[in-house]
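Shown next, in structure tokens, is the structure this report addresses.
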Amino acid sequence: MSLWSRIANVFRQDRLNADLDEEMQSHVEEASDRGRNLSEARKAFGSALHHREESRDATLYAWLDSLRSDTIFGWRQLLKNKAASGAAIVSLALAIGSCTSAFRLIDAVLLRPLPVSDPDQLRLLTYTYQDEKGKPGTGEHYDYPFFRLLRTAVREDAEVIAISGASNIDITYGSDQEMEKAYRQYVSGWIFPSFGLKPALGRLLMPSDDVKPGGHAYAVLSHDYWTRRFGQDPKVVGRSLHIGDTVYEIVGVCEPGFTGTETGTMTDLFVPTMMNARAIDNSGWAWFRTWVRMKPGASEQVALQKMQAAFSAHRRERAKSWSAEIFKQRRGEEYINTPLQMETAAAGVSGMQRGYRRALLILGVIAALVLLIACANVANLMAAQTASRAREMALRVSIGAGRSRLVQLVLVEGALVALFATVLGGLFAWRAAPLVVGMINPPDNPARLALPADWRVLGFSVALACAVTFLFGLAPALRASGVKPMATLRGGEDPHSRRRLIHGLIAAQVAFCFLVHFVAGLFVATFDRLSHQPTGFTSERLLALETVGKNGQPAERWDQVAAHLRQLPGVESVALCSWALMSGNGWTSTVWINGQIADEPEPYFLNVSPGWLDTMRIPLRAGRDFRPEDTYGVAVVNEAFAKRFFGGENPVGKSFQTDVRRKRVPVEIIGVAADARYRNMRDPIRPTVYVPFRASDPKDWGTLMVRSAGGNPLVLAPLLRKEVARARPEFRVTNVNTQVELVARHTIRERLLALLSLFFSSTALVLAAVGLYGVLTYSVLQRRREIGIRMALGAPAGDVVRSVTREIFAMLLIGAATGLVAGVASEQYVESLLFAVRVTDPSMLLVPVITIFGAALLAALPPVIRAVRLDPAQTLRAE
């Protein structure tokens, strides 16, 4: 009989039995036709049941048949205990969904390879350095003069590719009034053939497109952008688009799937690196990453040595223009000999990966802990159910069932629970993962990740379902299969041996729950303390209008635009600056105090107009604000600058020197402003120098800071956009943000960690409480005869309560202590994500203890009340 026939027979047993009965009956009738007595023929033929079983074994797979039978029996058991089964499925579904969501995020950000040929062979060239705090950091951006040296040095060993970050820029396909946003990447002309990519339409960039600075204004669209923006219109090839003052021709569309190398951002346009003409010959402008693909047979170590030699030579050449004191301040020898390394880049490279790597892994661990709590919960439930079915198991053993058969019976029941939970968890993950992605970046720059439900996610779900089945099903299955028929049928099984497994699982649940709560408390405290850091300015009712001036506009015209906006209704004040505080931009420069170069870190600089301090609500501590006629040569400094460089004395009237186009220029201090945060929330406020907005004239771009007279400032945004262009047609607003949003961006990761860890800790607490409630309820039911006897003999209620809860609460203490040790040991893994929080803070230890023990008391209350209210006479009569 064929393989498929034997498999099919397992699922059509009624027909198979009928065929077997018919065949046996035909044999009997054949004997009868030959003259034998019918009863003698049946007796000679033997047991029909025995022949049927032998024939069945030959016509189907017995192990598959037993699996089918156990599945049907398990389904009936689930229907028999609907409430318990439903609770188990829902709790597991929540935990499995959380784990699957975490996997989808980790896979999309850190693991999923780029859709290019041989992604495992891609490398990213990086270098290590020490930041201003002395901590090691990783650099990955380079300037183009070095890239030329590098490409020449390793021409025989590797292909190097320059790829910039994805920038959200303004583009037009018509007039400036039809401005729209798109993500652009500068790429080497040979990136597409190197990555093995083909055009879906037209052609892709070629090496000849990336030779002359500004020479080939060509653009390639991603397939995703072509679909979203043009509906896959084939006539898009040959169309023109404007980026700034440059007109680009669309020459093709890339094949589906590839949306750039910046994980978390989907690139819309690819243009040659040579189109960034201003940066091509600037050896101080690091603006792209260098990717490396080794050639067949080449040594990676040899190529890296050649790259290191080129890197050191390039930096040595740059350092020749430094004075001796700058060379010493910048640790010139360390700078020149900075080591290079190559990192794998199969999954792409982005700031999101570096910023969220540890956070995502920690969230994955927390989700796994919640899953373990759910598994312990279900294992307790199954252990209680199998204990209540001990007589059934003893009877199965007595009639010949082997231990493996009993293990299979219990595991199949657990597999059904895991299957339904995995399906529900998958639906949860389908909605939850995109929701979390939407929380990663600010609304005006959302993260875009590929989250397909492909074989990777399916494989993870199947593996997780199998793992869950064994995690919560194996111990009860082994326990059930070890039943002793004689002792069990006589009612002599040791009840304490049943409870040891259950109590051990309770301790494990509490330990995991404590650890989850402990880590969640750290993240919540970090977000709370970071979000309440003083900024030094008032963010409410403040708008930042990022504005560009065509072909560079003189300061007078910028002032005209600001003056026009001040006349609008609902506007309280308007001021100009290069960029808004906390926008992520920054400018530092070397300063000399009394002829001596200042130590690093270098102070921040910012161009601001008169009245900017008032608009930002930054108090002026001494001196005066800028005047309209002020230009370079005067500055307002913050208190941190005065404290660090002038010992806290009033520096008004004093001067310092700064580097302007490699020349030392004297600057007089005319005022001292209060400290205000410039770029981030975590670091101490750095010395800051405010210089006149007119100092850099003309300006291509700037930011108009508008404080509204009241209400939501975004209400003014449409009017302000129109009025800027109306005041001067050369100006255009490219982006609008509230200052509150700019500040909130610096706590996005912390907010995400706090919200998700709160969700996980709440889930863990509910699961642990439900598990404790179930165990205590089971314990009371199993010991009701003992409790009845105690109460009949006059035991007080307190003794009954202690006898019921003593062992359980001992397990709580053991679990809490274990979780505490694990929480303290986790400091080194979560420390980099914390702010002003230590794991040894008493509040960090006290909150989980109070929360978990409070929930335990609430969960224990109903079973304890039930135990105390037992009627001894009725209980003993029932027993």
Pull up all non-local amide H partners of Met582: gap of 5 or more, or a different chain, and H-to-H distance under 5 Å with H placed in the peptide plane.
Arg679
Can you tell me which lysines have their Cα less than 30 Å from the Cα of Lys295? Leave out same-chain residues fewer than eight positions away.
Lys198, Lys212, Lys306
Proximal charge balance of Ser323 [Cβ under 12 Å; K/R count +1, D/E count -1]
+4
Can you compute 3J(HN,Hα) from phi for each residue in the stretch 530-542, using the Karplus curve 6.51 cos²θ - 1.76 cosθ + 1.60 with θ = phi - 60°, rounded to whole Hz and x for Gly and Pro?
6, 6, 9, 5, x, 9, x, 9, 9, 7, 5, 6, 10
In debye to the nearest 20, how big a dipole does the stretch 119-346 give about its Cα centre with +1 on each Lys and Arg Cβ and -1 on each Asp and Glu Cβ?
500 debye
Dividing the alpha-carbon radius of gyration of the stretch 542-742 by 2.2 N^0.38 Å, where N counts its residues, gives 1.02
5 Å is the cut-off here: which amide hydrogens, built 1.01 Å from N in the peptide plane, fall below it relative to Arg621, excluding neighbours closer than 5 in sequence?
Val672, Ala673, Ala674
Roughly how many debye, to the nearest 20, is the charge dipole of the chain about its Cα centre, given +1 on each Lys and Arg Cβ, -1 on each Asp and Glu Cβ, and no other charges?
1500 debye
With +1 on each Lys and Arg Cβ and -1 on each Asp and Glu Cβ, and nothing else charged, work out how big the dipole of the stretch 542-742 is about its Cα centre, in Debye to the nearest 20.
300 debye
For the stretch 119-346 the mean separation of alpha carbon contacts under 8 Å (6+ apart) over residue count, i.e. relative contact order in percent, is 34 percent
Once you keep just the Cα pairs under 8 angstrom separated by 6 or more residues, what percentage relative contact order results for the stretch 191-275?
41 percent
When only C-alpha pairs under 8 Å and at least 6 residues apart count, what is the relative contact order of the chain, in percent?
14 percent
Taking +1 at the Cβ of each Lys and Arg and -1 at the Cβ of each Asp and Glu, which of Trp587, Asn607, His746 sits farthest along the dipole of the chain towards its positive end, judged by Cα position relative to the Cα centre?
His746
Of the peptides 446-454, 295-303, 424-432, how do they stack up when ordered by the mean number of other Cβ atoms within 10 Å, highest first?
424-432, 446-454, 295-303
Rounded to the nearest whole Å², what accessible area per residue is found for the stretch 119-346 with the 1.4 Å probe?
44 Å²
Karplus-derived HN-Hα couplings along the stretch 582-590 (A = 6.51, B = -1.76, C = 1.60, θ = phi - 60°), whole Hz, x at Gly and Pro
6, 7, x, 7, x, 9, 10, 8, 6
If eta is 1.567 mPa s and T is 4 °C, what Stokes-Einstein diffusion coefficient results for the chain, Kirkwood Rh from Cα pairs, in µm²/s?
39 µm²/s
Farthest toward positive dipole pole in the chain [+1 Lys/Arg, -1 Asp/Glu at C-beta], among Gly549, Leu205, Asn441
Asn441
Of the peptides 117-125, 75-83, how do they stack up when ordered by the mean number of other Cβ atoms within 10 Å, highest first?
117-125, 75-83
What accessible area per residue comes out for the stretch 542-742, rounded to a whole number of Å², with a 1.4 Å probe?
42 Å²
Report the Cα-based extents of the stretch 156-292 along its three principal axes, largest first, to the nearest Å.
42, 30, 29
Scoring only Lys, Arg, Asp and Glu (+1, +1, -1, -1) among other residues with Cβ under 10 Å from the Cβ of Ala286 yields -1
Residues with amide H under 5 Å of Gln553's amide H, sequence separation 5 or more or different chain, H placed in the peptide plane at 1.01 Å from N; which?
Lys699, Asp700
Where does helix 842-868 land angle-wise versus the long Cα axis of the chain, in degrees 0 to 90, nearest 10?
20 degrees
Based on DSSP H runs of at least 4 residues, each adding -39500 (n - 2.57), what is the mean residue ellipticity at 222 nm of the chain after dividing by all its residues, to the nearest 500 deg cm²/dmol?
-17000 deg cm²/dmol
Of all accessible heavy-atom area on the chain, the percent that carbon and sulfur account for (1.4 Å)
57 percent
How tilted is helix 403-437 with respect to the longest principal axis of the chain? Cα atoms for both, answer in degrees (0 to 90, nearest 10).
20 degrees
Positive-end residue of Ala725, Gly702, Thr631, charge dipole of the stretch 542-742 with Cβ unit charges:
Ala725
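The values are calculated or read from the model by the stated rules, or taken from the named source; none is laboratory data. Here the structure is a predicted model, which is why all the values come from computation and not from measurement. All Cβ positions, even for glycine, are placed from backbone atoms using ideal geometry, and neighbour counts span all protein chains on display. Keep in mind that these areas ignore ligands, DNA and RNA; they rest on the heavy atoms of the full protein, side chains included. Shrake-Rupley method; radii C 1.70, N 1.55, O 1.52, S 1.80 Å.
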